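Heads up, the thing below is written out as structure tokens.
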Amino acid sequence: MSKILGIIAEYNPFHNGHKYHLEENKKKSNSDYVVAVITGNYTQRGSCSIINKWQKAKMAKENGIDLIIELPVIYSISSAENFAYGAIKILDSINVSNLSFGAECESLETLSKIANILYNEPSEYKSYLSTELSAGLSFPKARSNALNRYMNSDITKIINSPNNILGIEYLKALKRINSKIEPFIVTRQETNHNDKNIKENFASSSSIRNYINTNTNYDLLKSVMPINSFNILIENINNGTFVNNIYSFEKEIMYVLRKMDIQEIKDLPDVSEGLENGIKKAANSCNNLTDFLSKIKSKRFTLTRIQRILLYSLLDITKTDMQLSKNIIPYVHILDFNSKGKELISEIKKSNPNIITSVKKFKENCKDHNLVHILEKDILATNIYTLGYKKNSFGNLDYTSHYK
């Protein structure tokens with residue numbers, strides 16, 4: 001059986017840090033193939049990709065990824081836990097051998113220890129967590145404090161680092177499904193996930209997106225991105241087929257929230273403790289997202305959580321949909337591949353029959369109504385995404401766009 005390396009990423013956009021991570025992966029894993037599960041047009045922190053999923057997949061392919069698979073939108077905009085769970089289920093379903101992830105922490109043992117606590121939830125830890133939540137803290141802050149108390153050690157820096165958080169959730173997901181996938185870490189280079197600065201040859205995705213939104217000359221980005229990725233990005237900027245951020249859908253979101261009643265808002269994932277009332281009140285009294293977010297964001301409800309709720313409303317994703325996502329093994333929607341990836345597709349079809357190379361054909365022939373339902377969310381998400389383009393908007397791209 002072939003040795004397959006799995007990577008989970010957003011590539012928003014693909015930069016030198018990703019290239020370094022990929023090259024180190026290949027050295028460490030000695031794999032026959034490299035597969036990446038990437039987010040589509042929307043991201044885990046409640047925003048959107050700067051370019052569409054096929055363009056991100058093209059960047060990945062041109063930089064050495066053999067097969068690129070879309071993480072369905074219902075997972076890609078979920079909490080870190082469900083984001084990781086969806087991606088790991090896909091990788092496990094195609095018999096991936098190893099999982100590599102970037103992290104600020106160099107110790108897999110430390111991250112595994114934390115993952116074990118969060119997976120098993122010892123009674124003492126649960127008691128600490130309940131106490132912290134009762135104090136009105138957000139869940140991430142309450143969990144961090146509870147872990148500090150349970151482990152009798154200050155791990156705040158570890159548990160608050162974005163890539164460490166996802167890494168811990170990957171490890172939890174592997175335990176949850178009893179996967180045989182072996183994980184390893186490649187530490188991040190030069191910049192942190194949310195670093196806003198351009199530093200020599202490395203920059204975070206956040207800093208690149210921030211630079212694009214605040215500058216008109218993009219030549220500096222050539223030093224922090226592979227030239228093929230840079231060229232794809234610039235082509236999309238020049239064509240107007242790029243999207244700045246969630247604010248590109250400001251009017252659509254405000255319209256949807258004003259149209260929804262209290263119960264419909266309450267049925268959105270991550271809405272709890274009466275938040276639906278505050279959301280409805282703010283939607284009716286604010287004309288823009290900046291004012292709306294400032295009214296809703298609090299110590300209890302983080303900005304990321306609120307932004308994810310906005311995307312749930314925009315994309316018509318409910319708590320029932322979210323629960324469904326936890327109970328299924330997702331399809332494998334292929335966005336792009338190289339010659340090696342083409343070989344691999346034939347192999348993985350033996351372990352997972354739900355391979356999508358044509359959305360139209362899959363939707364017509366699939367007998368699993370749950371998978372079709374999740375796929376319809378992806379189709380809608382793509383259609384709405386193109387409304388954020390600076391020039392032309394295109395519908396039904398999931399039917400007409402594909403790898404080349």
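The values are calculated or read from the model by the stated rules, or taken from the named source; none is laboratory data. Note that the structure is predicted; figures quoted are calculated from it, not measured. Positions of Cβ are generated from backbone atoms using ideal geometry, with glycine treated the same way; all protein chains shown enter the neighbour counts.
Within segment 360-378, is even one residue part of a helix (DSSP H, G or I), closer than 19 Å to residue 83 by Cβ and in contact with a Gly (Cβ under 7 Å, 6 or more places away or on another chain)?
So far as segment 360-378 goes, yes, one or more of its residues are part of a helix (DSSP H, G or I), closer than 19 Å to residue 83 by Cβ and in contact with a Gly (Cβ under 7 Å, 6 or more places away or on another chain).
Looking at 321, 336, 316, 378, which one is surrounded by 15 or more Cβ atoms within 10 Å (Cβ to Cβ), under 16 Å from the mean Cα position of the chain (by Cα) and among the acidic types (Asp, Glu)? Lay out the reasoning, then the answer.
On the way: 321 fails: under 16 Å from the mean Cα position of the chain (by Cα); 336 fails: under 16 Å from the mean Cα position of the chain (by Cα); 316 fails: under 16 Å from the mean Cα position of the chain (by Cα).
Just a single option satisfies the conditions, and that option is 378.
Within segment 85-112, track down each residue that is in contact with a helix residue (DSSP H, G or I) (Cβ under 6 Å, 6 or more places away or on another chain) and more than 19 Å from residue 34 (Cβ to Cβ). Outline the logic, then answer.
Taking segment 85-112 first, the residues in contact with a helix residue (DSSP H, G or I) (Cβ under 6 Å, 6 or more places away or on another chain) are 85-86, 88, 94, 98, 100-105, 111-112.
Of everything in segment 85-112, those that are in contact with a helix residue (DSSP H, G or I) (Cβ under 6 Å, 6 or more places away or on another chain) and more than 19 Å from residue 34 (Cβ to Cβ) turn out to be 85, 86, 104, 105, 111, 112.
Restricted to segment 7-50, and to residues that are farther than 21 Å from residue 235 by Cβ and acidic (Asp, Glu), which residue is farthest from the chain's Cα centre (by Cα)?
32
Considering only residues that are out of contact with any helix residue (DSSP H, G or I) (no Cβ under 6 Å at 6 or more places or on another chain) and surrounded by fewer than 19 Cβ atoms within 10 Å (Cβ to Cβ), which ones fall in segment 127-145?
127, 130, 131, 134, 135, 136, 137, 138, 139, 140
Residues that are at pLDDT 95 or above: find the helices (runs of 4 or more DSSP H) completely inside segment 198-283 holding 3 or more of those. Give the steps one after another, and end with the answer.
Details: elements: 205-214, 227-239, 250-259, 262-266.
Here the list reads 227-239, 250-259, 262-266.
Looking at (1) of a type in the set (S, T, N, Q); (2) at pLDDT 90 or above; (3) outside the structural domain of residue 347 (by TED's automatic domain parsing); (4) within 26 Å of residue 187 (Cα to Cα), which one does residue 153 not meet, given that it meets all the others?
(2) is the only condition that residue 153 fails.
Here is a yes/no grid of residues against (1) assigned by TED's automatic domain parsing to the domain that holds residue 308; (2) β-branched (Val, Ile, Thr); (3) surrounded by fewer than 23 Cβ atoms within 10 Å (Cβ to Cβ); (4) under 26 Å from residue 160 (Cβ atoms):
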residue	(1), (2), (3), (4)
21	no, no, yes, yes
37	no, yes, no, yes
53	no, no, no, no
76	no, no, no, yes
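In segment 285-327, which helices (runs of 4 or more DSSP H) lie fully inside it and hold 3 or more residues that are farther than 25 Å from residue 388 by Cα?
Details: elements: 289-296, 303-315, 319-326.
Qualifying helices (runs of 4 or more DSSP H): 319-326.
Can you confirm whether segment 381-403 contains a residue that is in contact with a His (Cβ under 9 Å, 6 or more places away or on another chain), surrounded by 14 or more Cβ atoms within 10 Å (Cβ to Cβ) and not acidic (Asp, Glu)?
The answer is no, given that none of the residues of segment 381-403 is in contact with a His (Cβ under 9 Å, 6 or more places away or on another chain), surrounded by 14 or more Cβ atoms within 10 Å (Cβ to Cβ) and not acidic (Asp, Glu).
Go through (1) more than 14 Å from residue 11 (Cα to Cα); (2) touching a helix residue (DSSP H, G or I) at 6+ places or on another chain (Cβ under 6 Å) and name the single condition residue 64 misses.
(1)
Tell me which residues, restricted to segment 342-354, are more than 17 Å from residue 1 (Cβ to Cβ) and either surrounded by 18 or more Cβ atoms within 10 Å (Cβ to Cβ) or in contact with a Leu (Cβ under 7 Å, 6 or more places away or on another chain) (or both).
Residues of segment 342-354 that are more than 17 Å from residue 1 (Cβ to Cβ), as a first pass: 342, 353-354.
The answer is 354, and nothing else.
Taking the criterion of being surrounded by fewer than 23 Cβ atoms within 10 Å (Cβ to Cβ) and more than 10 Å from the chain's Cα centre (by Cα), would at least one residue in segment 63-74 satisfy it? Walk me through how you get there before you give the answer.
Taking segment 63-74 and keeping what is surrounded by fewer than 23 Cβ atoms within 10 Å (Cβ to Cβ), we get 63-64.
Going one step further and asking which of them are more than 10 Å from the chain's Cα centre (by Cα), we end up with 63-64.
The answer is yes; a qualifying residue exists.
Under 7 Å by Cβ, and 6 or more places apart or on different chains, what pairs join a residue from segment 132-143 that is over 17 Å from residue 155 (Cβ atoms) with one that is modelled with pLDDT of 90 or more?
Taking only residues 6 or more apart or on different chains, the pairs are 133/142.
Among the numbered conditions (1) under 21 Å from the mean Cα position of the chain (by Cα); (2) at pLDDT below 95; (3) surrounded by fewer than 18 Cβ atoms within 10 Å (Cβ to Cβ), tell me where residue 101 comes up short.
The one condition residue 101 does not meet is (3).
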